[in-house]
Every structure is written in C-alpha cells, then in structure tokens.
1. State whether one or more residues within the range 123-132 are under 19 Å from the mean Cα position of the chain (by Cα) and over 16 Å from Glu52 (Cα atoms).
2. Kindly check whether there is at least one residue in the range 110-124 that is polar (S, T, N, Q) and crowded, with 19+ Cβ neighbours inside 10 Å.
3. If you go through the range 142-163 one residue at a time, how many are surrounded by 13 or more Cβ atoms within 10 Å (Cβ to Cβ) and under 21 Å from Asn48 (Cβ atoms)?
4. How many residues are exposed (fewer than 13 other Cβ atoms within 10 Å of the Cβ) and either in a helix (DSSP H, G or I) or at pLDDT 90 or above (or both) if we restrict to the range 28-43?
5. Identify the residue in the range 44-69 that is among the hydrophobic types (A, V, I, L, M, F, W, C) and assigned to a loop (DSSP other than H, G, I, E, B) and, among all such residues, is modelled with the highest pLDDT.
6. Give the range 93-113 a look and list any residue that's β-branched (Val, Ile, Thr) and touching a helix residue (DSSP H, G or I) at 6+ places or on another chain (Cβ under 9 Å), or say none.
7. Tell me, which strands (runs of 3 or more DSSP E) lie completely within the range 70-171 with 2 or more residues that are over 22 Å from Asn57 (Cβ atoms), free of Cβ contacts under 8 Å to residues at least 60 places away in the same chain and assigned by TED's automatic domain parsing to the domain that holds Thr59?
8. Quick one: is Glu129 within 24 Å of Val66 (Cβ to Cβ) and either surrounded by fewer than 16 Cβ atoms within 10 Å (Cβ to Cβ) or of a type in the set (Ser, Thr, Tyr) (or both)?
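The values are calculated or read from the model by the stated rules, or taken from the named source; none is laboratory data. Just so we're clear, the structure is a prediction, and the values are computed from it rather than from any experiment. No Cβ is skipped: glycine too gets one built from the backbone with ideal geometry, and neighbour counts run over all protein chains shown.
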Amino acid sequence: MIFKSSRWGHKRLLIALSCLGLTLLNACASVIPPCGAKTSPPSNELKNTKWELIRWNLTPNSNGEVRARQIPVGENSNPIQMAFDGNGERLSGSTGCNRFTARIDEDSRGFTLNQIAATKMACTPQRMELENDFLYELNDYRTIVRDGDRLLMIGNDREILTFAQRPNLQK
C-alpha cells in the first residue's frame, strides 16, 4: 500500500513538473527579450536598415507594472526614426523635430554609440522633453536585441524602446 501511494506521488510530481515546463515554454514568448531574438547583433546585420520607434516602455513601477510612454508623432507628422548606414559606421535619424547622428564603435560584446550629436531647432516643450529623453536613452542603452523586424534598445534604467523596421529607400 505504501508503494502504491509513493508511486502515485511520483506520477503527480511528474505531471506537475511537465505542466510547469509547458508553462515556462509558453511564457517564453512574452519575455523581453523574446526567446528567439538575437542579443547584441553585430552592426553589419543592421547595415542599410531603417527603424521607427513604435513603443516606449518606462521603468517598471514599485509594483513591477510596466507602463508605456505615449509617443506622439513629431512636428510635421515626423516619427522618431533611425537608420544604420551601409558602412556600419554611423547611425542617423530624426527625433520628430531635430536630426541626430552617432558614431558606431564595435567590439566582441556588440556595438556602442558614441559622439551623439543633434541639431537644435526649436520644438514644442513636450517634444523637446521627449527628444531629450530619447537621446539620453540612445546614449545609455545597455543591450540591443533584434527579433526579426523588431529592434529593442534596453536601457540601464530598464526602459525599453521598441522599433519596427521600415523600408530603407537608400542602398
């Protein structure tokens, strides 16, 4: 009788572990970065690509809840965009009001952006705040993740900028 009870306990444990494993596999699709994504892709994989900011997750609050920052379309309906050049040496783009550029430096751990510079046209105060925060995030990211046509920049502050790939007309 004890043997049967023990055997039943093992079956229950096996079923519970199987369910837990399936749950973890299923949950994998919703983690950031996504399971199949490539973390810190070499810059040559991003040559001649153009990206548009589509989501900005703020740092989780004290309850661990992720909040999204609203991303208004820029002055004259210009979204926040960035493009990697064909040489893998520069990143340039628009904050929706001003243009920016950065040098790409690469090592075995991935690439970093240096010498970030932007034009200084006047924008609305709300747009200037968004622009300043965006340029700060470009300077402060710790990880870039590519998941197909999505590019995620994860900042040291745990904010996540999600970009969608757009057609690049320049080759």
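1. Among the residues of the range 123-132, at least one is under 19 Å from the mean Cα position of the chain (by Cα) and over 16 Å from Glu52 (Cα atoms), which makes the answer yes.
2. no
3. Residues in the range 142-163 being surrounded by 13 or more Cβ atoms within 10 Å (Cβ to Cβ) and under 21 Å from Asn48 (Cβ atoms): 11 in total.
4. Selection size over the range 28-43: 3.
5. Applying the filter and picking the extreme gives Leu58.
6. Thr95, Ile104
7. The strands (runs of 3 or more DSSP E) meeting that bar are 90-94, 99-107, 110-118.
8. Yes: the conditions hold for Glu129.
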